[in-house]
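Quick notes on the structure that follows.
Throughout, read-outs are computed from the coordinates displayed, never taken from laboratory work. What you see is a predicted model; the values in this text were computed from it and never measured. FYI the Cβ positions are ideal-geometry reconstructions off the backbone, even for glycines, and counts take in every protein chain you see.
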Amino acid sequence: TAEKAPPLKGDVLVHADPAKYGQPIKPSELTELAIVAYPMGKAKDGTPVIRSAEPNNQIGVYKFDPAQLKAPTKIEDTDNGIVAYSNTCTHAGCFPKSVQGSAIVNCPCHSGQYEPKEGCRVLGGPPNKPMPQLGVKAQGDQLVLTSSFLTSPYGYKSDEEWEAYLK
Ligand code: FES
């Protein structure tokens, strides 16, 4: 179903936080700390659908000084320092958090740490691969995905397995 579909190109990022659930995230709200989003697409009949029935669709969206973004971040998939990643830990599927005062993303379950300025590479703990980046751009007052996860998210053993699923 559309609610369970993965994040797709053209989806709008909306707040996952219950207090603002479903509201489109404005580019002006972004900071170095992740705002947690779900992708909102459309059902076959054109009605908007928040793809929240698949918990692994949680996305963290950030804005950094563009000069701070370094490889392996795919800069062509960012927009003026705005960058988006899966927010599902690749170790065992918990939901990491940005901590005030630190731009490192921390997983509460087994202390996995990720660096969102460097492609969400693993800085510490048991995860063995980054949380994958998605293409994103600001469009008016909204954030729109320009791709799904660029590499395999939690639950997929390899990029090939993920690409086969996306097809
Ligand atoms: Fe994140 Fe284990 S689930 S470190």
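Miscellaneous remarks
- Kirkwood hydrodynamic radius computed over the stretch 89-129 comes to 9.9 Å, based on all pairs of distinct alpha carbons.
- Helical content of the chain, expressed as a calculated mean residue ellipticity at 222 nm, amounts to -1500 deg cm²/dmol (DSSP H runs of 4 or more residues, -39,500 (n - 2.57) each, divided by residue number, nearest 500).
- Cysteines without a disulfide-compatible neighbour (Cβ-Cβ under 4.7 Å), the chain: 120
- nm² value of the averaged projected area, convex hull over the Cα atoms of the chain: 9.3
- Set of aspartates and glutamates near residue 74 by C-alpha distance (under 12 Å), chain-local residues within fewer than 8 positions excluded: 118
- Cα centre as origin, Lys/Arg/Asp/Glu Cβ charges: the chain dipole, Debye: 120
- For the stretch 1-151, the relative contact order comes to 24 percent (Cα pairs under 8 Å, sequence separation of at least 6).
- Spin-label pair residue 137-residue 99: with each label point 7 Å from Cα along the Cα-Cβ axis, the two points sit 3.7 nm from one another.
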